Structures are given as C-alpha cells and as structure tokens.
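What follows is a single structure, written as structure tokens, with notes after it.
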Amino acid sequence: MQELDLDTRLVSLPDADSNFPRVLSATADSGCVRVKLDISPDLTWFRGHFPDQPVLPGVIQLHWAVIVSRAFFEFSGSPRELKRLKFKKIVTPPRVLELSLRWHASNEVQFEFCGPDAQYSLGRLVFPEGASC
C-alpha cells in the first residue's frame, strides 16, 4: 500500500452539504484512516426519518464508509461483498462520529463508526480484486 496524502484524499471527498457531513479532521497511519464527521440535524437523511426522533439510517453509514474508502484507498466501483455488518447503536443528531477505516487485504477495508460514548456500526467492505492501491 502506498503512503496516503491526506490533503489530496480529502479533496476527493464530497463537499459538506445536505447529503455528506462536514469533515472535522482526518489522520492516517499504517493502513488506518480516521475521519471525524459532524453529524448535523440538517442532513437530508434525517428528514422524515423520524419526525419526533431523527435517526441516521444504517444504509447511509454504509454509503459513507464506501465513499471514504474510495477516496483514501483509491477503490473503484462498489463493494462486491459485505462482511460482519453490525449496527449496534442508533445515531441521532447532533453528534460527532469518528469513521475508522483499516486496510486489510488488497481489496478489503474494515470500517467502524464510533463516538466518545459508543460504537455505532462496523463491518468489512470487500471490493473487486485489483480495484485498490
């Protein structure tokens, strides 16, 4: 795996808008990337899900893990498999979450969403062979 250039990789992430959270910080070392995300109640995904208690859908957490994996590990396409996917705690706004990505094999990334108080979700993304750095 090549050395990660954080500035270059951060630029390839979507700009913070109503669909993607603001990136507060990013660090990388030995095949591990940690990105802190500002989970604002203004994100599109909270509209109507649910009116009295907004909840971030698990599929969106998975979507963000794929987006960040593509940006930092230069994967192309969609994962061909998900392993050990677990949603452990509901994400409600406002909140700061840390997305940790650990590169495992030539085509596999373990992800985990955590906050200071809990682990929210985790799993492994398996991308097609030859689709990474």
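Quick notes on this structure:
- Residue list for region 75-106, restricted to those being without any contact (Cβ under 8 Å) to a residue 24 or more places away in the chain and in contact with a Gly (Cβ under 7 Å, 6 or more places away or on another chain): none
- Region 9-25, residues that are in contact with an Asp or Glu (Cβ under 9 Å, 6 or more places away or on another chain) and hydrophobic (A, V, I, L, M, F, W, C): Ala16, Val23, Leu24
- Pairs meeting the criteria (first residue in region 1-19 and surrounded by fewer than 11 Cβ atoms within 10 Å (Cβ to Cβ), second residue at pLDDT below 80 and assigned to a loop (DSSP other than H, G, I, E, B), beta carbons under 9 Å, at least 6 apart or on different chains) are Gln2/Cys133.
- Just one of the listed residues (Ser100, Ser76) is loosely packed, with under 15 Cβ neighbours inside 10 Å and not aliphatic (A, V, I, L, M), and it is Ser76.
Table: residues versus (1) modelled with pLDDT of 95 or more; (2) touching a strand residue (DSSP E or B) at 6+ places or on another chain (Cβ under 7 Å).
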| site | (1), (2) |
| --- | --- |
| Ala28 | no, no |
| Cys32 | no, yes |
| Lys36 | yes, yes |
| Trp45 | no, no |
| Gly48 | no, no |
| Gly58 | yes, yes |
| Leu62 | yes, no |
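- Taken over region 90-117, the criterion of being small (Gly, Ala, Ser), at pLDDT 95 or above and more than 20 Å from His49 (Cβ to Cβ) is satisfied by Ser100 alone.
- In region 105-119, residue surrounded by the most Cβ atoms within 10 Å (Cβ to Cβ) [restricted to those that are part of a strand (DSSP E or B) and of a type outside the set (Val, Ile, Thr)]: Phe113
- Filtered residue count, region 118-133, keeping only those that are acidic (Asp, Glu) and either under 13 Å from the mean Cα position of the chain (by Cα) or modelled with pLDDT of 95 or more (or both): 0
- If you check Ala26, Ala118 for being touching a residue at least 12 places away in the same chain (Cβ under 8 Å), more than 24 Å from Leu6 (Cβ to Cβ), touching a Lys or Arg at 6+ places or on another chain (Cβ under 9 Å) and of a type outside the set (Ser, Thr, Tyr), only one passes: Ala118.
The values are calculated or read from the model by the stated rules, or taken from the named source; none is laboratory data. Keep in mind that this is a model prediction, so the values were computed, not measured. Glycine also receives a Cβ, built like all others from the backbone with ideal geometry; neighbour counts cover every protein chain displayed.
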